[in-house]
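Here is the structure we will look at, set down as structure tokens.
The values are calculated or read from the model by the stated rules, or taken from the named source; none is laboratory data. Computed from a prediction, not measured in an experiment: that's the story for all the values here. Virtual Cβ from ideal backbone geometry, glycine too; neighbours counted across all protein chains shown.
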Amino acid sequence: MSKRTTLTFALMDAPFESARTTTAMRMIDVATRRGYDVNIFAYEGAVGLSFAHQKRHANAVHGRDADQEDHPLTREWVVALLEQAAQTGGRLDWVNCGLCCDERGALDHVPGVRRGSPADFWRMASSSDNTLVIATR
Amino acid sequence: MRTLNVIGTAYRATLEEQDDPVIWITRAMQGAGGEFDVLLQGNAVNYVTTGQHVPALAFGARRQSHAPALGDDVEALMSKGSTVYVVAEDLDSRGVHMDEVIPGISRIGRDSVPRVFQSYDRVWRW
């Protein structure tokens, strides 16, 4: 039986600021759909991706109320990816940099996300087939 | 597994973080047992200059202690065995001479960067 592919991603951008976030999510989506083992290390502003208190809002410019607007929330994307990984037999280990959470007061996260440190990132990368860093520019 | 961290974006929240976050995470992972070297290019080559000084930051009555000391952080990396490369053309275009650079820095030409990349198991561009 062949070894399952393991990929690690380091993310750094805060949500709602860069298309790199969506690109990263697309890659994680493909990897989890294929049943890969996927590790995420959310560094700096990226710890906001799984922040539990993100809220939808209405958008007067679009002329839509909150329900109609159905504003994307990255915390929901994270949950969906965790669920998808579980369904396809893969594994998604989402680790937030703990110090980065502390300095932002971002202490509440969606279930399934854990707190860690750069040592976790190093261990995940060391046991992966490849690692991609998607940093803030 | 030897990893090269490539830094081109400089001064990314260095005042808020009291360091460069990529130099910091490199030192943290080095402390966890990782083998890391660093390649500085673009504006980040300024991290290896001597005589850097960050004046104290103050907003109203709030005075911030412990300003970033990027040169010291680079030297700390090297003291633990890391090689720090800088791209010569990026130093030259900024008028930085080698006598203004921290001793022990490895100056390489841009055309040597691919060869350096090939000598690592992992290359991470931050």
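At a glance:
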read-out	value
Members of segment A:1-21 that are assigned to a helix (DSSP H, G or I) and either loosely packed, with under 13 Cβ neighbours inside 10 Å or within 14 Å of chain B (Cβ to nearest Cβ) (or both)	A:Ala19, A:Arg20
Hits in segment B:5-36 - residues which are more than 11 Å from chain A (Cβ to nearest Cβ) and surrounded by fewer than 23 Cβ atoms within 10 Å (Cβ to Cβ)	B:Ala10, B:Tyr11, B:Thr14, B:Leu15, B:Asp19
Matching option when the condition is within 30 Å of A:Ser126 (Cα to Cα) and not hydrophobic (A, V, I, L, M, F, W, C), among B:Pro55, B:Pro21	B:Pro21
Top-ranked residue of segment A:94-128 - restricted to ones that are in a loop (DSSP other than H, G, I, E, B) and within 11 Å of another protein chain (Cβ to nearest Cβ), ranked as nearest to A:Phe16 (Cα to Cα)	A:Ser117
Among the residues listed as A:Val30, A:Val61, the single one being surrounded by fewer than 17 Cβ atoms within 10 Å (Cβ to Cβ) and modelled with pLDDT under 95	A:Val61
Tally, over segment A:44-58, of residues that are surrounded by 16 or more Cβ atoms within 10 Å (Cβ to Cβ), in contact with a strand residue (DSSP E or B) (Cβ under 9 Å, 6 or more places away or on another chain) and under 21 Å from A:Pro111 (Cβ atoms)	6
Residue match in segment A:107-114 (condition: at negative phi and modelled with pLDDT under 95)	no
Residue check for A:Ala46: in contact with a helix residue (DSSP H, G or I) (Cβ under 7 Å, 6 or more places away or on another chain), small (Gly, Ala, Ser) and at pLDDT 95 or above	no
Some residue of segment A:74-93 being more than 14 Å from chain B (Cβ to nearest Cβ) and assigned to a loop (DSSP other than H, G, I, E, B)	yes
Residue that is farthest from A:Phe16 (Cα to Cα) [pool: residues in segment A:67-91 that are among the small types (Gly, Ala, Ser) and touching a Leu at 6+ places or on another chain (Cβ under 9 Å)]	A:Ala86
Residue in segment B:8-15 that is farther than 19 Å from A:Cys100 by Cβ and within 10 Å of the chain's Cα centre (by Cα) present	yes
